[in-house]
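Please read the structure below before turning to the comments.
The values are calculated or read from the model by the stated rules, or taken from the named source; none is laboratory data. Just so we're clear, the structure is a prediction, and the values are computed from it rather than from any experiment. Neighbour counts run over all protein chains shown; Cβ positions are idealised from the backbone, glycine included. The accessibility values were calculated without ligands, DNA or RNA, using every heavy atom of the protein model including side chains. Shrake-Rupley method; radii C 1.70, N 1.55, O 1.52, S 1.80 Å.
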Amino acid sequence: MRLDHDNGPKKVSIDPRIIDLSREVAHEMSLQGAKAALLMGSRVRGDFYPESDVDLTFIGGDRECEMQCRGEFLVSVYWRSFESMRRLLTQPSEVGGLVPALRNDFIIDDPEGLASRLKEEAYSWTWDSINEQCDAWVAEQIAGYTEDLQRMIGHLRLGKVLFAAVLRNVISVRMGAVLAVHLRIFYDTENRLWDLVSEEMGDHWRNVQGAALGIGNENFEETCQATLELYSLAVKKVIHLMNKRQYEVVLHTCK
């Protein structure tokens, strides 16, 4: 199975103001130990809107993301060590977005060639390199959400609709993210992840997912019922990947 939605580098003209801003921030971060600076996200892809932030990733250490106001722009500053970036290329939950992001990034500063090495690795990367890890991760994720399903049902019975609504949303969102790995989808941006999954899963999945998220005229009970059906559809798609323990857990919950 191979469903690549990454079509290689995009020929996008980046706003010179974004380039200048990125270089300014990169210079400041180099004084804090950054060894490379990469401009990523919608400003590189070209699908930004006026409120879009400027996504800058710095290679040099693992730190928390921070947001900065720079004139008229909001800037997201991410830090990763070179080693941790490479490790992410082995993690099923990360590669669908990371590989196309690295392939399409715009290198702002790279004196040691680290960003170029990551880009080269992203171009040579294939799903085949982690097929077994992906299948195991998908099966365990689906089995793991049985707890949230049972909690949702239990809180509904107790009349605690607020927490049930939170769980409904978590499950409905996560099923798409898990199936993106199963379907081996590249998405670069989460803005399109759920649409891409729906394209592969078909109209019935799209309709049930929409009902679970309450984007139609469904009442609360109907959205929760749709969440159960969405989970059931995900189970049917990946049940062949499950081991005996996972199968028994899922079967118990579905009953």
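Has segment 98-109 got any residue that is without any contact (Cβ under 8 Å) to a residue 24 or more places away in the chain and part of a loop (DSSP other than H, G, I, E, B)? No: segment 98-109 contains no residue that is without any contact (Cβ under 8 Å) to a residue 24 or more places away in the chain and part of a loop (DSSP other than H, G, I, E, B). Would you say Asp55 is free of Cβ contacts under 8 Å to residues at least 60 places away in the same chain, surrounded by 13 or more Cβ atoms within 10 Å (Cβ to Cβ) and not polar (S, T, N, Q)? Spelling it out, Asp55 is indeed free of Cβ contacts under 8 Å to residues at least 60 places away in the same chain, surrounded by 13 or more Cβ atoms within 10 Å (Cβ to Cβ) and not polar (S, T, N, Q).
If the condition is being in contact with a helix residue (DSSP H, G or I) (Cβ under 7 Å, 6 or more places away or on another chain) and among the aliphatic types (A, V, I, L, M), then segment 124-164 contributes Ile130, Val138, Ala139, Ile142, Ala143, Leu149, Met152, Leu156, Val161, Ala164.
The residues in segment 162-184 that are in contact with a Phe, Trp or Tyr (Cβ under 7 Å, 6 or more places away or on another chain) and not in a helix (DSSP H, G or I) can be counted, and the count is 1.
Yes/no per residue for (1) closer than 22 Å to Leu241 by Cβ; (2) modelled with pLDDT of 95 or more:
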| residue | (1), (2) |
| --- | --- |
| Thr126 | yes, yes |
| Ile130 | yes, yes |
| Val138 | yes, yes |
| Gln141 | yes, yes |
| Gly144 | yes, yes |
| Ile153 | no, no |
| Leu156 | no, no |
| Gly159 | no, no |
| Arg168 | no, yes |
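For segment 176-217, a residue qualifies if it is in contact with an Asp or Glu (Cβ under 7 Å, 6 or more places away or on another chain) and under 21 Å from Ala164 (Cβ atoms), and the qualifying residues are Val208, Ala211.
Let's see how each residue does on (1) open to solvent by less than 70 Å² (accessible area, probe 1.4 Å); (2) within 26 Å of Val99 (Cα to Cα); (3) among the aliphatic types (A, V, I, L, M):
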position	(1), (2), (3)
Arg151	no, no, no
Lys160	no, no, no
Asp203	no, no, no
Gln209	yes, no, no
Ile215	no, no, yes
Thr227	yes, no, no
Val238	yes, yes, yes
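For segment 58-78, filtered to residues that are within 24 Å of Val99 (Cβ to Cβ) and in contact with an Asp or Glu (Cβ under 6 Å, 6 or more places away or on another chain), the residue that is surrounded by the most Cβ atoms within 10 Å (Cβ to Cβ) is Val77.
Rundown of residues vs (1) more than 16 Å from Ile171 (Cβ to Cβ); (2) not polar (S, T, N, Q), yes/no style:
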site	(1), (2)
Glu200	yes, yes
His204	yes, yes
Asn207	yes, no
Gly210	no, yes
Asn219	yes, no
Glu222	no, yes
Tyr231	no, yes
Ala234	no, yes
Leu241	yes, yes
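All conditions in (1) part of a loop (DSSP other than H, G, I, E, B); (2) exposed (fewer than 15 other Cβ atoms within 10 Å of the Cβ); (3) without any contact (Cβ under 8 Å) to a residue 12 or more places away in the chain hold for Leu251, with the sole exception of (1). Within the group Val25, Val54, Val44, which residue is modelled with pLDDT under 95 and either of a type in the set (Asp, Glu) or within 22 Å of Ser116 (Cβ to Cβ) (or both)? Going through Val25, Val54, Val44 in turn, the sole match is Val44.
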